[in-house]
1. Among the residues of region A:179-187, are any assigned by TED's automatic domain parsing to the domain that holds A:Gly211, of a type in the set (A, V, I, L, M, F, W, C) and touching a residue at least 60 places away in the same chain (Cβ under 8 Å)?
2. Those residues that are over 30 Å from A:Val187 (Cα atoms), of a type outside the set (Val, Ile, Thr) and without any contact (Cβ under 8 Å) to a residue 60 or more places away in the chain, I need them from region A:304-350; list them, please.
3. Residues of region A:41-71 being touching a residue at least 60 places away in the same chain (Cβ under 8 Å) and among the aromatic types (Phe, Trp, Tyr), which ones?
4. Among the residues that make up region A:104-118, is at least one of them in contact with a His (Cβ under 8 Å, 6 or more places away or on another chain) and at pLDDT 80 or above?
5. I'm trying to understand the selection: among the residues of region A:191-232, which are away from chain B (no Cβ under 12 Å), modelled with pLDDT of 90 or more and closer than 17 Å to A:Leu134 by Cα?
6. Within the bounds of region B:7-28, is there any residue that is within 14 Å of chain A (Cβ to nearest Cβ) and under 60 Å from the mean Cα position of the chain (by Cα)?
7. State all residues of region A:232-245 that are part of a helix (DSSP H, G or I) and in contact (Cβ under 8 Å) with a residue 24 or more places away in the chain; if no residue qualifies, say none.
8. Hey, among B:Ser67, B:Ser2, which residue is touching an Asp or Glu at 6+ places or on another chain (Cβ under 9 Å) and among the polar types (S, T, N, Q)?
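The values are calculated or read from the model by the stated rules, or taken from the named source; none is laboratory data. Keep in mind that this is a model prediction, so the values were computed, not measured. Methodologically, a virtual Cβ is constructed for each residue, glycine included, from the backbone with ideal geometry; neighbour enumeration extends over all protein chains shown.
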Amino acid sequence: MSLIRVVLLGLLLSTQALSPLYASDSAASADVDVKKIIFEHVKDAYEWHITTLGDKHISIYLPVILYTERTGWILFSSKELHHGGEYNGFYVASQGVNEGKVVERVDGKEVRPLLDISVTKTVFALFINALLLLVIVLSIARMYKHRRSAGRLNAPGGFVGAFEMLVSMVVDDIAKPNIGAAYARYVPYLLTAFFFIFLSNIMGIIPFFPGGSNVTGNIAVTMVLAVCTFLAVNLFGNKEYWKEIFWPDVPVWLKVPVPLMPFIELFGIFVKPFALMIRLFANILAGHTVVLAFVSIIFVTMAVNSLIGTAMTFVSVVFTVFINFLELLVAFIQAFVFTMLSSVFIGLSLPQHHTDKHNDINEI
Amino acid sequence: MSFLLPDAGLLFWMLVVFGIVFFILARYGFPIIVDMVDERKRFIDQSLQNAKEANERLAAINAESESLLKSARDEQARILREAAVTRDELIKEARERADKEGEKMLAETRRLIQMEKEEMMRDMRRQVAELSIEISRKILRRELSDDVRQGSLIEEYIDETLKKQ
């Protein structure tokens, strides 16, 4: 059974990769632009191309929302921009710095609108993931409420049990040991971040419509998450934390007259969330890229020789399945690592007095 | 490089979406679940504590009944021992009393026998004395007819009597 599932998964993956190829490769040229295929998938777009049946593209056209001095706020469907279409002077740049973005021509130059808050593919996937997360968590919370009012305290099973296990993991194994006594205040944020990242990662692995988007592999998304952790660390950091940044426990000549250590510490405040941002983004982006690259082997080799291509199809499917399992692991690990490191940073922002610290060290 | 440049529109939407999701879940979602898990944990801890206490109480009851049983057994042994002692004493006493009684009876018997004997002796002596007197009278009647013999007889008697004494 599981073998069949694995094969199906591989087939689905390859169909996902197939569609854009046929769409863009109608000229049936022998050159397969792997880079283009991959970039089309991992980068944002104004429409969500689901699949192609024959010559018919099945896409979800998403709203484009722009603000420029010329037009003010403007909203139109991305269908207008489809295949080089133009709407009210706006079109999608096909090359240059703004490739793939909506631009307008001003004085013969391509210029990005002042504000572009279009609901792009990633934003739409973000909506779907957020809605799914809300539905899952709120329905489970509702179920718990009912159980409590019915006086049933026994542990739930199935999906809810697994969910509760993850909640307990975040609370007991991540928040409590890393943050310490004041952990309770940060638990809602850590849980939200964990489940948001985990769900988005999993949705990214699913190769067809509601999934398959590259949400957590997008630096804007991870940046917001990292900024949230940055705020959680620095808004609630205690006096001791700030003292250790501006007047750390080092020889005085390291602090005065050149504030070497304070500078390094201050730098560290920004480096920590930056590392969080890059880690999550890079891992997920790399995962998507590797999966697509393995799928693309089929088309590259098929273009060379159909016999080699057929043989390589098996290799490609096997590798893709393997990478997908790996990505399943990475989906969890990256959510775990982000939450764990956030907790560690929050814990560092709540240091105890030095006497207590010494005791801790002695205890260890 | 465009991968590394965060898109402003996406930043905006992510901020909005994550903000809303965080707000809703932090208010209506996770606290309920975490509270429930905590409550269950407390309930389990409480139950374990209760079970432990019940076990301890049971053990205490067991020990108590054990000690009760032991003391009852001790009491039984003590009563049995006392009964044996009492019995022995009673037997001893009875035996002593019987001995005493027997001795008393023996002494009485002995006294009676003595008395009987003395009576008999007195009786015999009287009869002997009477016989002696009778004989003496008969002899004296015959002997006193002769003076010489009379004198020698008296002499003889006196000797005899003296000797006897």
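1. Yes, the conditions are met somewhere in region A:179-187.
2. Once the filter is applied, which keeps residues that are over 30 Å from A:Val187 (Cα atoms), of a type outside the set (Val, Ile, Thr) and without any contact (Cβ under 8 Å) to a residue 60 or more places away in the chain, region A:304-350 yields A:Asn305, A:Ser306, A:Leu307, A:Gly309, A:Ala311, A:Met312, A:Phe314, A:Phe319, A:Phe322.
3. A:Tyr46, A:Trp48
4. No, there is no match, as no residue in region A:104-118 is in contact with a His (Cβ under 8 Å, 6 or more places away or on another chain) and at pLDDT 80 or above.
5. A:Phe198, A:Asn201, A:Ile202, A:Met203 - these are the residues of region A:191-232 that are away from chain B (no Cβ under 12 Å), modelled with pLDDT of 90 or more and closer than 17 Å to A:Leu134 by Cα.
6. No: zero hits.
7. A:Ala232, A:Val233, A:Asn234, A:Glu240, A:Tyr241, A:Glu244, A:Ile245
8. B:Ser2
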